[in-house]
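One structure below.
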Amino acid sequence: MLKAEFAPSIISADVFQMPRIIHAFEHYGIRRLHMDVMDGQFVPNYALGTGMIDMMRKNTSIPLDIHLMVERPDLQLDRFSIQPGESVSVHVEATPHILRTLQMIREHGALAFAAINPGTPICMLESLTEFLDGVLCMTVNPGFTGQQLLPGVMEKIRAVRAFLDAHGLENAHVEVDGHVTFANAAQMARAGADWLVGGTGSIFYQDGTIEENVEKSLAALEGV
Ligand code: DX5
Ligand code: ZN
């Protein structure tokens with residue numbers, strides 16, 4: 001079983017506190033930074049463009065976990081200068097060429113993740129298993145932070161983990177994105193998630209400092 005860890009969601013970070021935030025992540029050994037990219041087409045919102053992604057690369061060595069919530073990611077991938085060791089999630093709903101897009105991500109030396117919306121059945125992953133380093137399972141409708149979990153997400157996490165294991169992909173990751181909280185993180189990990197996107201319910205919880213929130217988030221996964 002893969003060890004569960006947090007991937008802080010930079011969309012929720014206060015940019016004016018970024019040096020302190022990155023220092024805290026490096027201090028506590030955070031190993032992945034989740035970068036939500038939104039184009040206003042695939043989702044009804046805009047977020048984190050190529051400039052922010054390049055700036056993060058210049059200011060920390062923590063690898064980026066780029067979540068492309070964009071239409072036709074296959075036509076846009078080259079704009080992001082994907083680096084070896086990064087991970088990139090693309091939505092199966094966003095392109096007729098999802099397999100080719102996963103191949104393109106791997107050609108950049110990055111980990112290829114297929115992302116599925118809450119309404120998308122797991123069977124959509126059937127023909128992709130040769131090119132999957134992970135599955136990003138949306139636990140809210142994509143596009144906005146601060147939403148509540150949708151019903152049935154724990155079952156879906158279990159089913160995604162079981163699907164990967166059944167296809168010999170025991171080392172492929174299950175990433176969950178949306179309303180991961182101090183209270184539900186362990187339950188999500190026990191359901192099979194090993195990359196937990198930390199946003200307003202945990203890492204960037206409004207009532208704590210970044211240091212307090214990271215400590216509480218890590219404590220929530222202790223022993224899982
Ligand atoms: C949805 C976003 C959010 C974000 C996490 O498109 O991707 O899931 O990363 O935000 P919270 O944790 O506030 O839902
Ligand atoms: Zn995301």
Tell me the relative contact order for the chain as a rounded percent, counting alpha carbon contacts under 8 Å between residues six or more apart.
20
Distance in nm between pseudo-label sites at E126 and F16 (7 Å out along the Cβ direction from Cα)
5.3
Coordinate range along principal axes, alpha carbons of the stretch 71-224, Å, largest first:
42, 34, 26
Could you rank R190, R158, R72 by how accessible they are, 1.4 Å probe, largest area first?
R190, R158, R72
Calculated from DSSP H runs of 4 or more alone, at -39500 (n - 2.57) each and per residue, what is the 222 nm mean residue ellipticity of the chain, nearest 500?
-8500 deg cm²/dmol
How large is the direction-averaged shadow of the alpha-carbon convex hull of the stretch 103-150, in nm²?
4.0
Considering only protein heavy atoms, what is the solvent-accessible area of D165 at a probe of 1.4 Å, reported in Å² to the nearest 10?
60
Return the aspartates and glutamates within reach of K216: Cα separation strictly under 20 angstrom, same-chain partners fewer than 8 residues apart disregarded; answer none if there are no such residues.
E5, D14, E26, E175, D177, D194, D207
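The chain: longest stretch without exposed GluC sites (Glu not before Pro) (DSSP loop, at most 12 other Cβ within 10 Å), sites themselves excluded? Display every interim value, and only then the final one.
Values: sites that count: E170, E222.
With GluC sites (Glu not before Pro) excluded where exposed in loops, the chain gives 1-169 as its longest stretch.
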At 1.4 Å probe size, what's the solvent-accessible area of Y28? Round to the nearest 10 Å².
60
With +1 on the Cβ of every Lys and Arg and -1 on the Cβ of every Asp and Glu, the dipole magnitude of the chain about its Cα centre, in debye rounded to the nearest 20, is 20
So what's the net charge close to Y205: Lys and Arg +1, Asp and Glu -1, counting the other residues with Cβ under 14 Å from its Cβ?
-4
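The values are calculated or read from the model by the stated rules, or taken from the named source; none is laboratory data. None of the values given here were measured: they were computed from a predicted structure. Glycine gets a Cβ as well: all are built from the backbone with ideal geometry, and neighbour counts include every protein chain shown. With ligands, DNA and RNA removed, areas are computed over all heavy atoms of the protein, side chains included. Shrake-Rupley method; radii C 1.70, N 1.55, O 1.52, S 1.80 Å.
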